[in-house]
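Worksheet: the structure to be examined is printed underneath.
The values are calculated or read from the model by the stated rules, or taken from the named source; none is laboratory data. The structure displayed is predicted, hence computed values, not measured ones. Don't worry about glycine lacking a Cβ; one is built from the backbone with ideal geometry, like all the others, and counts go over all protein chains shown. Just so you know, the surface numbers come from the protein's heavy atoms only, side chains and all, with ligands and any DNA or RNA stripped out. Shrake-Rupley method; radii C 1.70, N 1.55, O 1.52, S 1.80 Å.
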Amino acid sequence: LLACIASFLEQAWCHVSNCPLPAAQPPMLRDPPRVCFRSTRPEAPVQAFVSLPSFREDFRKERPDKVKVQEIAVAWNTLSKEAAQPYVKAFESEQQKYHKEMETYRSSGEADAFKRDPARPKRPLAPFMAWCMLHRSSPQYANMKMTEVTMELKKKWDTLPAPEKDQYKTKFDAEMAEYRKAMVEYKASGKHEAWLKATGRDVILAQKKHEEQVKVDKAKAALEAAKAKKRAQKERAARLIAQHKQKLRAKKLAAKARAAKMQATAKERVAKAEASAKERLVTLKTKHQSMLARQITTYKERKARLAAVATAAQARLRAAQQAKKGGAVEKARAAKAAAQARLKEEQAKQQEKVRRMKQEAAQKQSEIREAMKAKQQELKLKLKQAVQV
């Protein structure tokens, strides 16, 4: 009923707004296959004020401007019975014709045959549904809704003894076996294909199958395209990774070469510094040794001169002793003692000078060694930093 009302309203709007009628929608079927088809059922006539030749066209001829549906409806409602009689008679004539065609359509059995193939075996009811069909007509469920009745019967079915349930289940199994056998015979006989062809369902099923196949092909093509895109992305990622690895290897090799070069340079600097320090140390040592030798030679020469002076003084003393006695001897002794004191003082000064020179030489050697150690530590630290870089 709702579908008929919706169809009527749609047709009325199309007639009034002067737009083409949409294609009629086929009825929905509950039996498989669940596809919409078009039957040979007669179409109901439209109302008088939207029929063709209709009141709408006559109304619009008098008014060149666009007319709304509400204006047409108001004009129809205010129309006199004599003016509306031609449209009403046309509608009644079409309605009588529709009733006759509908009666013929229903009496021929075509309506039932279109909804469901009469030759198709009917599926047996499930045990619970068969039991409900027997108890649903009970007077206690007369004023209850169908859903409430079903819930009440479900509760009773759950508490039903197992032997009684088994009776319905056994009957259902036997009927189901017969139904399957009948369905096999029905499909093998070709009656189903003949019914589809007679009702026009075979064309629509083929069209639907074709559309589904097109969708499947599109889905496959999309899947293949996605796979190809994914493969291309993987290949591109692999190329990028290979390039990145190659760059990393090149950078590592360059870094190793730089580190080796810096290490060699640092070693060369260390070797040069060590050689220079050793050379300076040898030069300084030679210089100090030559200076010390000169000082020792000078000390020996002075000692020899002092010894010669002392010997001469002794000789003079002995000569004075032989020549003169008394005051001359004392003067000679005093001169000898003075000469000996000067000799001891000179020897002490020379020894102190030699000791200071040795201390200065040792201190300079220690400073050179400390400087060499600091230089070596600095070069080793630079070498370590270069290797880390």
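Here is how the numbers come out for the structure above:
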read-out	value
Surrounding net charge for LYS215, when Lys and Arg each add one and Asp and Glu each subtract one, Cβ distance under 13 Å	+1
Coil-residue trypsin sites (Lys or Arg not before Pro) of region 192-226, DSSP, other Cβ within 10 Å capped at 10	none
Heavy-atom accessible area ranking, 1.4 Å probe, most first, across ASP65, ASP117	ASP65, ASP117
Which of ARG356, ARG120 is most accessible, then next, and so on - probe 1.4 Å	ARG356, ARG120
Carbon + sulfur, % of accessible area of region 141-251 - ligands and nucleic acids excluded, 1.4 Å	58
Whole-number accessible area per residue in Å² for region 238-293, which is evaluated in the context of all protein chains at 1.4 Å	83
3J(HN,Hα) from dihedral phi, region 244-255, Karplus parametrisation 6.51/-1.76/1.60, rounded to Hz, x for glycine, proline	5, 5, 4, 4, 5, 4, 4, 5, 5, 5, 4, 5
Mean shadow area of region 220-286 over all directions, Cα convex hull, nm²	4.2
Kirkwood hydrodynamic radius over Cα pairs of region 140-246, then Stokes diffusion coefficient at 10 °C and 1.306 mPa s, in µm²/s	75
Phi to ³J(HN,Hα) by Karplus 6.51 cos²θ - 1.76 cosθ + 1.60 over region 221-233, Hz, x for Gly, Pro	4, 5, 5, 5, 5, 5, 5, 4, 5, 5, 4, 4, 5
Members of LYS145/LYS169; LYS261/LYS375; LYS97/LYS191; LYS358/LYS384; LYS89/LYS208; LYS171/LYS209 lying beyond 32 Å, as alpha-carbon distances in this model show	LYS97/LYS191; LYS358/LYS384; LYS89/LYS208; LYS171/LYS209
Solvent-accessible surface (1.4 angstrom probe) belonging to LEU317, in square angstrom, nearest 10	20
Probe 1.4 Å, all protein chains present, accessible-area order of SER137, SER189, largest first	SER137, SER189
With all protein chains modelled, accessible area of HIS99 [1.4 Å, Å²]	100
For LYS287, net neighbour charge (Lys/Arg +1, Asp/Glu -1) across residues whose Cβ lies under 13 Å away	+2
Stretchable slack from MET151 to ARG342, in nm (0.36 nm times residue separation minus alpha-carbon distance)	54.2 nm
HN-Hα J in Hz across region 346-357 - Karplus 6.51, -1.76, 1.60, θ = phi - 60°, x for Gly and Pro	5, 5, 4, 4, 5, 5, 5, 5, 4, 5, 5, 5
Probe 1.4 Å - accessible area at MET291, Å² to nearest ten	70
